[in-house]
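Okay, structure first, notes after.
The values are calculated or read from the model by the stated rules, or taken from the named source; none is laboratory data. Just so you know, these numbers come straight off a predicted model, no measurement behind them. Quick reminder, even Gly has a Cβ in these numbers, built from the backbone with ideal geometry, and neighbours come from all protein chains shown. Ligands, DNA and RNA are excluded from the accessible area calculation, which covers all protein heavy atoms including side chains. Shrake-Rupley method; radii C 1.70, N 1.55, O 1.52, S 1.80 Å.
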Amino acid sequence: MSVLEVENLLVRYPGADRPALDGVQLDVAPNERVALVGPNASGKTTLLHALVGLVPLEGRVTIDGVALSKASRAQVRSRVGFLFAVADDQILFPRVIDDVLFALRRLDHGDAERKARHVLARLGVSDLEERSPHHLSLGQRKRVALAGALVAEPPLLLLDEPSGGLDPRGTADLASLLAEVPCAMLMASHNLDFVCRVCSRVLLIDQGRVVGQEVVGRSEVDQEAAKDRLLQWMLGSGPTPGRIA
Amino acid sequence: MRGHGAWMQWGMTDGFLSRLDPTVRMLCILSFLSAALIVRPIHLAGGCFVAGLSIVAAVASGMSLRRFMQILAVGAVVFAPAFLLTPWLTGGAPLFEIPVLGWVTSRGLDIAATIVVRGQVALLLGSVLAASLDATDLALGLKRLPIPHIVVVMVLQVGRWVAVLLAETRGISQAIALRGAGRGLSGGWLVLANVPLVWVPRVTARARRVASAMEVRGYGGELPRASLARPGLVDASSVAVALLVLAGAIVIRMR
């Protein structure tokens with residue numbers, strides 16, 4: 001069974017002349033890592049937001065067996081870890097440890113603390129737990145926000161531009177880190193090198209439609225080849241890989 | 001934010017005061033502030049009392065002399081204009097005449113000096129409190145007091161976002177100035193006029209994004225789960241001292 005199933009997803013913003021998402025179909029298997037790649041304003045972020053009910057939608061979204069509806073929205077969201085494009089926006093508490101603990105608010109405090117510290121250590125930011133988010137660097141904030149998303153061990157992680165604003169070292173660290181996380185992922189990104197390192201499948205999205213897909217092999221040669229095909233498509237000088245009619 | 005010259009920052013000091021229980025910290029500063037407002041600062045005993053209180057509070061918080069002087073300077077700029085009101089504050093013995101405006105009386109000077117001293121003390125003690133409490137301590141400290149939950153949540157969130165908004169404001173004004181709008185008097189006005197025009201939409205967009213994140217993460221006004229340790233002997237002694245200070249202020253006032 002897929003951890004994420006999307007059928008005929010349609011999102012239309014008020015006043016827009018065309019839908020932001022039009023008939024999107026996709027599925028993500030457990031522990032599969034899938035990327036959404038496409039030009040600006042192609043609908044990547046809208047798709048991620050639609051999956052957790054942040055925008056009004058038509059069609060069917062099922063996450064970990066729960067169909068998204070007004071009544072089930074909280075249940076669906078509890079099965080998803082979300083990393084927003086600006087990590088600062090999702091860190092809601094003035095101290096790092098409190099923000100990570102928030103995701104475990106239904107757990108016994110002692111257990112929650114142990115778990116939160118373990119995740120912070122795994123992400124290499126255990127020394128920041130008493131710090132205030134606005135004293136952290138961009139990379140550190142991303143890790144803290146990711147800790148808040150991962151600590152509840154959701155079956156699905158949605159990431160919006162996870163490598164945005166990071167330097168090459170920070171990007172490489174994040175890629176290695178995500179490669180070890182045991183859950184399914186759907187990420188929107190412009191960083192082709194990053195998505196080819198982390199993901200096994202890349203969906204091409206343009207004008208609100210999934211128009212193709214690229215399967216990325218694990219060897220470096222395969223990853224480079226996939227990156228080249230994606231780049232050619234992005235630049236408009238190559239065919240659409242795995243064109244979907 | 002640290003080391004950027006801001007004169008008042010959350011939880012930046014680590015003096016004796018910062019090691020007290022957060023609720024005790026708040027009660028002590030509140031008690032000091034009440035004491036400073038009770039005495040008449042223009043009398044010798046009252047003046048010495050207020051000055052001593054301010055110095056003790058600043059030292060207990062671990063505030064540097066430089067920052068102490070910065071706060072006094074800001075207070076002077078903010079409150080000293082109260083002396084401009086003296087020609088209109090009549091009563092008492094006339095002291096000297098300002099042409100056109102009229103006579104300055106002893107009562108007028110007393111009132112203006114009281115406003116300046118009390119304003120300075122309130123600013124200083126507020127800064128001491130802010131400097132010795134971070135936003136989490138503040139929320140946890142308030143949680144123990146009979147304050148509505150929603151107020152504590154708002155204080156916590158204000159504490160979380162105020163630094164972000166300040167950084168954003170600084171960025172916008174620097175960008176406008178760098179693009180040449182800050183040169184000369186008219187340029188200065190252009191910066192002043194344009195900052196809100198850029199700031200409001202940007203802050204609104206950020207507020208929307210934060211609201212989305214709160215929604216996705218299921219935030220419903222929860223406070224940090226960390227619980228405070230029970231106040232100890234040092235905390236109890238500090239409250240006792242603060243109450244003695246308050247009692248002392250009442251005695252000085254009644255003399």
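Ignoring ligands, DNA and RNA, what percent of the accessible area of the protein assembly as shown is carbon or sulfur (1.4 Å)?
With neighbouring chains kept in place, the figure for the protein assembly as shown is 61 percent.
Work through the residues other than A:Glu58 whose Cβ is under 12 Å from its Cβ and net out their charges, Lys, Arg +1 and Asp, Glu -1.
Neighbour charge sum, excluding A:Glu58 itself: 0.
Would you mind giving the total buried accessible surface between chains A and B, with a 1.4 Å probe and ligands, DNA and RNA left out, rounded to the nearest 100 Å²?
The summed interface area works out to 2600 Å².
Once whole DSSP H runs in chain B are found, which of them have Cα atoms spread over 30 Å or more along the helix axis and a mean Kyte-Doolittle score of at least 1.0?
Long hydrophobic helices here: B:106-132, B:149-176, B:233-254.
Can you give the alpha-carbon Rg of the range B:147-216 over 2.2 N^0.38 Å, where N counts its residues?
1.42
Treating only the Cβ atoms of Lys and Arg (+1) and Asp and Glu (-1) as charged, compute the dipole magnitude of the protein assembly as shown about its Cα centre; round to the nearest 20 debye.
It works out to roughly 1200 debye.
For chain A, what does -39500 (n - 2.57) per DSSP helix run (n ≥ 4), summed and divided by total residues, give at 222 nm, in deg cm²/dmol to the nearest 500? Kindly include the intermediate steps, with their values, before the conclusion.
Details: 8 runs with 83 residues, N = 245.
So the calculated ellipticity at 222 nm is -10000 deg cm²/dmol.
Given R₀ = 45 Å, what would the calculated FRET efficiency be for A:His190 paired with B:Leu37, taking r from the Cβ atoms and rounding to 0.05?
0.20
Report the FRET efficiency, 1/(1 + (r/R0)^6), for B:Ala193 and B:Ile147, where r is their Cβ-Cβ distance and R0 is 56 Å, rounded to 0.05.
0.90
Answer rounded, prolate or oblate for the protein assembly as shown, using the Cα gyration tensor with square roots of eigenvalues a ≥ b ≥ c: rounded when a/c is under 1.5, else prolate when a/b is larger than b/c, else oblate.
Working: a/c = 2.92, a/b = 2.04, b/c = 1.44.
Note, shape of the protein assembly as shown comes out prolate.
Anyone know which of A:Arg106, A:Arg229, A:Arg12 comes out most mobile in the 10 Å Cα GNM of chain A?
A:Arg106
Using packing as a proxy for protection, rank A:26-35, B:131-140 so that the peptide with the highest average count of other Cβ atoms within 10 Å comes first.
Result, highest mean Cβ count within 10 Å first: B:131-140, A:26-35.
Any chance you could check the Cα centroid distance between the range B:158-172 and the range A:112-160 for me, in angstrom?
22 Å
Full-extension gain between B:Ala76 and B:Leu95, please, as 0.36 nm times their residue separation minus the C-alpha to C-alpha distance.
4.5 nm
Could you count how many Lys pairs in the protein assembly as shown have their Cα atoms under 25 Å apart, skipping same-chain pairs fewer than 8 positions apart?
Value for the protein assembly as shown: 5.
What residues of the range B:215-255 lie in the reach of a label at B:Cys48, counting those whose backbone N is under 17 Å from a point 7 Å from the Cα along Cα→Cβ?
B:245, B:248-255
For chain B, rounded, prolate or oblate, judged on the Cα gyration tensor with a ≥ b ≥ c (square roots of eigenvalues), a/c < 1.5 rounded, else prolate if a/b > b/c?
oblate
Please give the average number of partner chain Cβ atoms lying within 10 Å of the Cβ of each residue in B:205-217, rounded to a whole number.
6
Taking every DSSP beta bridge that has both residues in the protein assembly as shown, what percent is antiparallel when rounded to the nearest 5? Numbers along the way, then the final one.
Details: 23 of 40 bridges.
In the protein assembly as shown, DSSP labels about 60 percent of beta bridges as antiparallel.
How would the range A:69-212 be classified by its alpha-carbon gyration tensor: rounded, prolate or oblate, with rounded meaning a/c under 1.5 and the a/b versus b/c comparison settling the rest?
The shape class here is oblate.
Give the Debye-formula value of log10 I(q)/I(0) at each listed q (0.10, 0.13 Å⁻¹), with one equal scatterer per alpha carbon of chain A, two decimals each.
Values returned for q = 0.10, 0.13 Å⁻¹ are -0.48, -0.81.
Give the average, rounded to an integer, of partner chain Cβ atoms located within 10 angstrom of each Cβ in A:92-104.
6
Taking the simple approach of a point 7 Å from Cα along Cα-to-Cβ for both B:Met154 and A:Asp228, what is their distance in nm?
Distance between the two pseudo-spin positions: 6.2 nm.
For the protein assembly as shown, with the dipole built from +1 on Lys and Arg beta-carbon atoms and -1 on Asp and Glu ones, taken about the Cα centre, which of B:Ser61, B:Gly102, A:Val211 lies farthest toward the positive end?
B:Gly102
Report the local net charge at A:Pro182: Lys and Arg +1, Asp and Glu -1, summed over other residues whose C-beta lies under 13 Å from its C-beta.
-1
Using a simple charge model, +1 on the beta-carbon of Lys and Arg, -1 on the beta-carbon of Asp and Glu, nothing else, what dipole does the range A:1-130 show about its Cα centre, in debye to the nearest 20?
Result for the range A:1-130 is approximately 240 debye, rounded to the nearest 20.
For chain B, what does the helix formula give at 222 nm: sum of -39500 (n - 2.57) over DSSP H segments with n ≥ 4, over the residue count, nearest 500 deg cm²/dmol?
Numbers: 8 runs with 170 residues, N = 255.
Result for chain B, helices only: -23000 deg cm²/dmol.
Please give the charge dipole size of the range B:147-216, origin at the Cα centre, charges +1 on K and R Cβ atoms and -1 on D and E Cβ atoms. Round to the nearest 20 debye.
180 debye
Out of A:Ala20, A:Ser237, A:Val221, whose Cα points farthest toward the positive end of the dipole of chain A (charges: +1 Lys, Arg; -1 Asp, Glu; placed on Cβ)?
Farthest towards the positive end: A:Ala20.
In 5 Å bins starting at 0, how do the alpha-carbon pair distances of the range B:94-151 split up by percent?
In order of increasing distance, the bins hold 4, 15, 12, 12, 12, 9, 8, 7, 6, 7, 6, 0 percent.
Considering chain B as a Gaussian network with a 10 Å cut-off on Cα pairs, which listed residue, B:Ala236, B:Ala112, B:Ala205, attains the greatest mean-square fluctuation?
Result: B:Ala205 has the largest fluctuation of those listed.
May I ask which residue of B:Ser237, A:Pro133, B:Pro148 lies farthest towards the positive end of the charge dipole of the protein assembly as shown, with charges of +1 (Lys, Arg) and -1 (Asp, Glu) on Cβ and the Cα centre as origin?
Checking the options against the dipole of the protein assembly as shown, the answer is B:Ser237.
Using a cut-off of 14 Å between beta-carbons, work out the net charge of the residues near B:Leu37 (Lys and Arg +1, Asp and Glu -1, B:Leu37 not included). Show your work: numbers first, answer last.
Details: positive: B:Arg40, B:Arg118, B:Arg253; negative: none.
Every neighbour counted, the sum reads +3.
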